[in-house]
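Below is one structure, written out as structure tokens, with a few remarks after it.
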Ligand code: ADP
């Protein structure tokens, strides 16, 4: 489903991704952990082509981009639509209701009919537990509710893969659970997901694979029970000692 080969990303002098290779099968949930600054967010942003990798290739389903040669501008938008991104800071449009936020992408980007999109958006908001908040504006919603709108909005574009960048980091602790539940439901439905998170419980319960990144490399990867109970690499052990 996803095939990342030799991915490098450099910001001026700073090499943030130093050769990432990663394959993810359809329907799998991969949780990415690692210290701040290790390149986790940059990796997700490269997958969504919010950042242009310096070199390497990314394949998702039957599309692939090879950044080692020049990538045609026309190839990026359809490739970007393969993934849906959920951000730490929700990034909802403040002047639009929950429903309008979810409808925006399919109408403006995919040119779908308004009526069909409205129905789909209502269904998605109901699915994330906000069927009674369709006409609420972001400022009228809690952080957890806003983030669930963010998830519904990403799903409305019907992506093949969902990317989550620390989706619960900005939330008060009592609101984290409702967002993780929506993510778990999605995982159980077979969505392919890559999740950057500090929620180790989510990683234990929902991940098929945990990837530990440090210094722009994947240092170690494995099943959650193996990574958490018997990490092999010293750097993984150190990191887990600090956070657990
Ligand atoms: P993580 O998500 O693991 O905390 P990031 O991918 O956010 O790590 O960042 C990795 C490094 O890249 C950091 O040193 C960060 O300052 C740097 N970085 C990220 N984005 C940019 C950017 N747009 N320009 C310059 N440096 C950046």
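Taken together, the values in this text are just the output of simple stated rules run on the coordinates, not laboratory data. Quantities reported herein were computed from a predicted structural model and do not represent experimental measurements. Virtual Cβ from ideal backbone geometry, glycine too; neighbours counted across all protein chains shown.
Sorting 60, 151 by the number of Cβ atoms found within 10 Å of their own Cβ, with the fewest placed first, yields 60, 151.
Tally the DSSP beta bridges in the range 2-242 and give the antiparallel ones as a percent, rounded to 5. Walk me through the numbers on the way to the answer.
Working: 22 of 39 bridges.
Bridges in the range 2-242 that DSSP calls antiparallel: roughly 55 percent.
Expected output is a single nm value to one decimal: the length gained when fully extending between residue 116 and residue 244, i.e. 0.36 nm times separation in residues minus the C-alpha distance. What is it?
41.5 nm
Cut-off 10 angstrom, C-alpha nodes, Gaussian network model of the chain. Which of 100, 178, 112 fluctuates the most? Fluctuation is largest for 112. Calculated [222 nm] ellipticity per residue, helices only, for the chain: -11000 deg cm²/dmol; basis is -39500 (n - 2.57) per DSSP H run with n ≥ 4, divided by all residues, nearest 500. Placing dummy labels 7 Å off each Cα toward the beta-carbon, the span from residue 89 to residue 3 is 3.6 nm. Between the C-alpha center of the range 63-129 and that of the range 167-244 there is a gap of 25 Å.
Using a/c under 1.5 as the rounded threshold, could you call the range 54-137 rounded, prolate or oblate? The axes a ≥ b ≥ c are square roots of the C-alpha gyration tensor eigenvalues, and prolate needs a/b larger than b/c, oblate otherwise.
On the way: a/c = 2.68, a/b = 2.20, b/c = 1.21.
It comes out prolate by the Cα gyration axes.
Quick check on the chain: take the gyration tensor over C-alpha atoms, sort the square-rooted eigenvalues as a ≥ b ≥ c, and tell me if it's rounded (a/c under 1.5), prolate or oblate. Kindly include the intermediate steps, with their values, before the conclusion.
Details: a/c = 1.95, a/b = 1.29, b/c = 1.51.
Oblate.
By the beta-carbon count within 10 Å of each Cβ, the least crowded to most crowded order of 108, 54, fewest first, is 108, 54. Can you tell me which of 147, 63, 13 moves the most in a GNM of the chain? Springs connect C-alpha atoms under 10 Å apart. Sorting by GNM fluctuation, first place goes to 13. Springs between Cα atoms under 10 Å define the GNM used for the chain, and in it the highest mean-square fluctuation of 86, 16, 195 occurs at 16.
Once R0 is set to 25 Å, what does the formula 1/(1 + (r/R0)^6) return for the Cβ-Cβ distance between residue 10 and residue 36, expressed as a FRET efficiency to the nearest 0.05?
Working: r = 19 Å, r/R0 = 0.76.
Calculated value: 0.85.
Shape analysis of the range 176-244 places it in the prolate category; the axes a ≥ b ≥ c from the Cα gyration tensor give an a/c of at least 1.5, with a/b above b/c. With neighbours defined as other Cβ atoms within 10 Å of a residue's Cβ, the residues 90, 136 order from fewest to most as 136, 90.
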